[in-house]
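Here is the structure we will look at, set down as C-alpha cells.
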Amino acid sequence: MTKIVSQLNILSSRHSLLGSVIAGPMLILLLALSGLAVEMRFLSDHHNLLKQQQVLAHAAAELNIALKTQSQLWLDYLLYQQTNVNSWNRFRSQERATLALANKLLVQVEKDQLQSDVRSIIYALEILRITYQEKRSSLLQNLENFSEKNSTLGHIDAVPGALISELYQKIHQHANETSNTLRQQALKMTGLFALLLIAASVTYSRWSTRHTQRFLNRQEKNHQRVKWLLRHDYLTRLLTRSQLIQETNIKIRDQKSLYAFHFSLSNVKDAAQSQGHSVQDQLIRIAAQRLLAEKRPQDILARSIGEEFILVAEDDDSLALRRYARKLLDKIEQDFSVAGFRYQIHCSLGVSHYPEHADSSSELLRCADIAAVHARSLKLQTPCLYSAIMSERIRQKIELVNDLKSAITKNQLTVLFQPQVDINHRNIVAVEVLARLTTNNAPLNYPDVFIPLAEETGLIHVLGKAVCRQAIAHFETWLKLGNELTLAINVSPKQLETSDFVDFLQTLCRHHQVPTQKIDIELTESSYIDSHYPQLNRLRELGFRLSIDDFGTGYSNLGYLSHFVPQQLKIDKSFIDSMTHSDRKHALVESIVGLAKSQNIEVVAEGIETEIQAHILKRMGVDIGQGYLFSRPIDATSLQTLLNQPLSSLQRSV
C-alpha cells in the first residue's frame, strides 16, 4: 500500500511540474499573441482609415470637378444661348448631378465637423442654383451689361469651390489626427504588453525555479523513503531479511562469532481467524516491539516473513547467549493484550552458530529456520540449537513429499475396504474405505505417515478425491448386485476447507447413481468440527450421513453435540483394547454408549479382535462392530467374495 501511495505522490509531483512547465510558457505566449493582436488591430484600423480617406478625397475631387463643369456649362449657355437651345438643359442636368454628389458625400462623411462642412457646401450649391435661375431670368429680359452680370455670378461660383477645397484639406487633416491617435494607442498597448511580458517572464522564472527546487526536494524525500522501505518492514519498522543478510555479511567478513535466533509465532493466525487480520498485525507489531526493547545494541533484528523474526547476535560466550535466548523467548511469550482481549502466543526458537553450523549468512539463517521448525514440531518451549540431523530429517521429509506427489500422479493408490458388521446378526451392513500406497519408499506406504503429510502439504485434496472416485465406483457395483450396504469415507477437515468438495461428492454420487443416504462421512473429533458447520449442514441437507470417528480421543468437548448431532459415533480402538482389563475404561465405554443411545445415535466399535470384546459390547448395546475378529482390510474382489459367503464365516475372516 505504501509503495502505491509513494508512486502516486511521485506521479502527482511530475504532473505538477509538467503543469508548471507548460503553464508559464503558455502565459507568456498568450501575452505575446495579445500584443500581436493589438498591432494587427492598429494596422487594420489604419488601413480602414486610409481607405476611408481615399474614398472621401475621391468624392470631394469629383464634387470639385462637377462644380467646375457646371460653371463651364453656364458660360457655354451664356455664349451660345441664342444658337444652342440645349445648352440650358445640359447646364441644369450638370447642376443636379453636382448637388447629388454633394448629398452622396454627406452620407459618406462620419465626423460631425465634416458633415457640417458638407452641409455648408450643399447650402452654397442651393444658393448658387437659385442665383443661376435669377440671372437667367434677368438675362432673358435684358441682354445688355452681360459682362458685369457674369462677373457677379462668377463671384458666387467661387464660394462653393472654396468650401470644397477647404473640405478636402479637412479630410486630410482628420485622417492624420486619427492616424496619430491610433498610433499613440498602439504604442501604449504595445508598451503595456511588453511590460506584462517582461513581468510574466521574470515571475515565471522565479516561480519555476522555486517550484523545481521543491519538486527536486520532494523527489529526494521520496527517494529516501523508497530506500527506507526497501531496507525495512513497513508493519514492524524492523529490517527486512535481505537487509539483515547484507549486514550479517559485513560481520562475517570481520570474522565475528555470530548466533542466529529464528523466532516463529505458532498461533497468531488463529487469532486472526477469530478477530480479524488487524488483530494479527497488532500481535506481530507487539512481538516486534518486545524483541526490539530487549535487543542489545550490537545485535541485528529483522522480520523474516509472516510471523517470523530473526535476530543475529554477536558474542563469543555461548552460555551468555543461551541465557539471552531464554530471556527473549520468555519476553515474547508473555500474554498479549489487544482490544480488550488477552492472547497466549506460543513461540518456537531455533538457534544456529557461525562458523560452527554455517559458512555464510544465508546458510546461518537456514540452519536457524530448520531448528525453529524442529522446535515447533516437537512443541519445545526452550531454545533449540541446530544439529545436522535436523537437516537430514528435512531432506527425508522433502523426499517423502516428492514421492507422495509421484505416487498420486502415477496412480499408485490402492483402496481397501474393511467390513462393518451387525454385532447381533453378524452380517455386513457397511464397509469403511481405507487408502494405501504401493511405492518403493516403504515408510511412505503407512497411512500414519502419508495422510498427515498429505494434510500438511495440501495434497490431501487430490488424494481424497482419488480415494472417493475408486471407492464409489466399486460401491456402485455392489449395490447393483443387490447388497444392502453403507459406504464409510474418512474426510479430513482440510478437505472441508475447500468450497468445491461437497459439490464434488454430490456430482460423483449422481454420476454413479449412488444414493447420498448410502454414504457415511466420517470426521475426527477435533476443533475443526466447530468451524465447519455450513459444510456439515449442507452435507446433511443433501442426504449424506455424518459420523464422528475415534470418539473420545479428541478434545473431549461434548458441547458440540448440542449443535452437531451425527447419525453415527465410532468408539476408538484404544478404549476397546483396555476395557476388558480396566474397570475405568469399561465404565467409560459404557458411558459413551449410553450417551449415544440417549441421543438416538448409532454406535460403532472399532478394533474388535476377540469374541469377549464382541460379547461385552453387545451387552452394552453397541450396534455395529469392526475389527480383525470379522475381517482385515481387503481389496474389492475379496470383499465381493466375502459378501457371497455365509454369515458364520465372519466370526474369523483373515
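The values are calculated or read from the model by the stated rules, or taken from the named source; none is laboratory data. Model, not experiment: these values are computed from the prediction. Cβ atoms come from the backbone with ideal geometry, glycine included; neighbour counts cover every protein chain shown. In case anyone asks, the SASA skips ligands and DNA or RNA and just uses the protein heavy atoms, side chains included. Shrake-Rupley method; radii C 1.70, N 1.55, O 1.52, S 1.80 Å.
With 429, 415 as the choices, which residue is touching a residue at least 60 places away in the same chain (Cβ under 8 Å), surrounded by fewer than 21 Cβ atoms within 10 Å (Cβ to Cβ) and either in contact with a helix residue (DSSP H, G or I) (Cβ under 8 Å, 6 or more places away or on another chain) or of a type outside the set (A, V, I, L, M, F, W, C) (or both)?
Checking each option against the conditions leaves just 415.
On the basis of being loosely packed, with under 14 Cβ neighbours inside 10 Å and either under 19 Å from residue 63 (Cα atoms) or modelled with pLDDT under 65 (or both), does residue 120 make the cut?
No.
Scan (1) touching a helix residue (DSSP H, G or I) at 6+ places or on another chain (Cβ under 8 Å); (2) in a helix (DSSP H, G or I); (3) polar (S, T, N, Q) for the single condition residue 396 breaks and write down its number.
(1)
Name the residue that is surrounded by the fewest Cβ atoms within 10 Å (Cβ to Cβ), counting only residues in segment 243-274 that are among the hydroxyl-bearing types (Ser, Thr, Tyr) and at pLDDT 90 or above.
Among those that are among the hydroxyl-bearing types (Ser, Thr, Tyr) and at pLDDT 90 or above, it is 264.
Identify the single condition in (1) within 23 Å of residue 451 (Cα to Cα); (2) open to solvent by 20 Å² or more (accessible area, probe 1.4 Å); (3) touching a strand residue (DSSP E or B) at 6+ places or on another chain (Cβ under 7 Å) that residue 422 does not satisfy, given that it satisfies every other one.
Residue 422 satisfies every listed condition except (1).
Can you pull out every residue in segment 578-602 that is out of contact with any Asp or Glu (no Cβ under 9 Å at 6 or more places or on another chain) and among the aliphatic types (A, V, I, L, M)?
Once the filter is applied, which keeps residues that are out of contact with any Asp or Glu (no Cβ under 9 Å at 6 or more places or on another chain) and among the aliphatic types (A, V, I, L, M), segment 578-602 yields 587, 588, 589, 592, 593, 595, 601.
When you check residue 497 against the structure, is it surrounded by fewer than 18 Cβ atoms within 10 Å (Cβ to Cβ) and either touching a Lys or Arg at 6+ places or on another chain (Cβ under 8 Å) or under 21 Å from residue 405 (Cβ atoms) (or both), yes or no? Step through it out loud before you land on a result.
Details: surrounded by fewer than 18 Cβ atoms within 10 Å (Cβ to Cβ): yes; either touching a Lys or Arg at 6+ places or on another chain (Cβ under 8 Å) or under 21 Å from residue 405 (Cβ atoms) (or both): yes.
Against the criterion (surrounded by fewer than 18 Cβ atoms within 10 Å (Cβ to Cβ) and either touching a Lys or Arg at 6+ places or on another chain (Cβ under 8 Å) or under 21 Å from residue 405 (Cβ atoms) (or both)), residue 497 qualifies.
With in contact with a Gly (Cβ under 8 Å, 6 or more places away or on another chain), modelled with pLDDT of 90 or more and of a type in the set (A, V, I, L, M, F, W, C) as the only criterion, which of 576, 612 stands out?
Answer to the check: 576.
Tell me yes or no: at least one residue of segment 318-335 is out of contact with any helix residue (DSSP H, G or I) (no Cβ under 9 Å at 6 or more places or on another chain), closer than 19 Å to residue 280 by Cα and surrounded by fewer than 14 Cβ atoms within 10 Å (Cβ to Cβ).
Within segment 318-335 (the criterion being out of contact with any helix residue (DSSP H, G or I) (no Cβ under 9 Å at 6 or more places or on another chain), closer than 19 Å to residue 280 by Cα and surrounded by fewer than 14 Cβ atoms within 10 Å (Cβ to Cβ)), the answer is yes, since at least one residue qualifies.
With the structure loaded, tell me whether residue 377 is under 39 Å from the mean Cα position of the chain (by Cα), of a type in the set (Ser, Thr, Tyr), closer than 29 Å to residue 456 by Cβ and open to solvent by 70 Å² or more (accessible area, probe 1.4 Å) or whether it fails that test. Give the steps one after another, and end with the answer.
Values: under 39 Å from the mean Cα position of the chain (by Cα): yes; of a type in the set (Ser, Thr, Tyr): yes; closer than 29 Å to residue 456 by Cβ: yes; open to solvent by 70 Å² or more (accessible area, probe 1.4 Å): yes.
Spelling it out, residue 377 is indeed under 39 Å from the mean Cα position of the chain (by Cα), of a type in the set (Ser, Thr, Tyr), closer than 29 Å to residue 456 by Cβ and open to solvent by 70 Å² or more (accessible area, probe 1.4 Å).
Of 445, 427, 490, 441, which residue is farther than 20 Å from residue 547 by Cα and either small (Gly, Ala, Ser) or at pLDDT 90 or above (or both)? Outline the logic, then answer.
Values: 445 fails: either small (Gly, Ala, Ser) or at pLDDT 90 or above (or both); 490 fails: farther than 20 Å from residue 547 by Cα; 441 fails: either small (Gly, Ala, Ser) or at pLDDT 90 or above (or both).
Of 445, 427, 490, 441, the one residue that is farther than 20 Å from residue 547 by Cα and either small (Gly, Ala, Ser) or at pLDDT 90 or above (or both) is 427.
Show the residue pairs meeting these rules: Cβ distance below 7 Å; 6+ apart or different chains; first residue within segment 313-337 and more than 15 Å from residue 298 (Cβ to Cβ) and in a loop (DSSP other than H, G, I, E, B); second residue open to solvent by 60 Å² or more (accessible area, probe 1.4 Å) and modelled with pLDDT of 85 or more.
Final answer for the pair search is 333/346.
With the structure loaded, tell me whether residue 303 is buried (at least 16 other Cβ atoms within 10 Å of the Cβ) and closer than 23 Å to residue 380 by Cβ or whether it fails that test.
Criteria met by residue 303.
For segment 384-402, how many residues meet the condition of being of a type in the set (Asp, Glu) and either under 30 Å from residue 318 (Cβ atoms) or buried (at least 19 other Cβ atoms within 10 Å of the Cβ) (or both)?
1
Give the residues of segment 338-356 that are part of a strand (DSSP E or B) and either open to solvent by 70 Å² or more (accessible area, probe 1.4 Å) or free of Cβ contacts under 8 Å to residues at least 24 places away in the same chain (or both), sorted by residue number.
341, 342
Tell me which residues, restricted to segment 534-567, are modelled with pLDDT of 65 or more and assigned to a helix (DSSP H, G or I).
534, 535, 536, 537, 538, 539, 540, 541
Return only the number of the condition from (1) surrounded by fewer than 18 Cβ atoms within 10 Å (Cβ to Cβ); (2) out of contact with any helix residue (DSSP H, G or I) (no Cβ under 6 Å at 6 or more places or on another chain) that residue 365 does not satisfy.
Exception for residue 365: condition (1).
Kindly check whether there is at least one residue in segment 467-482 that is modelled with pLDDT under 85 and open to solvent by 20 Å² or more (accessible area, probe 1.4 Å).
No, segment 467-482 contains no residue that is modelled with pLDDT under 85 and open to solvent by 20 Å² or more (accessible area, probe 1.4 Å).
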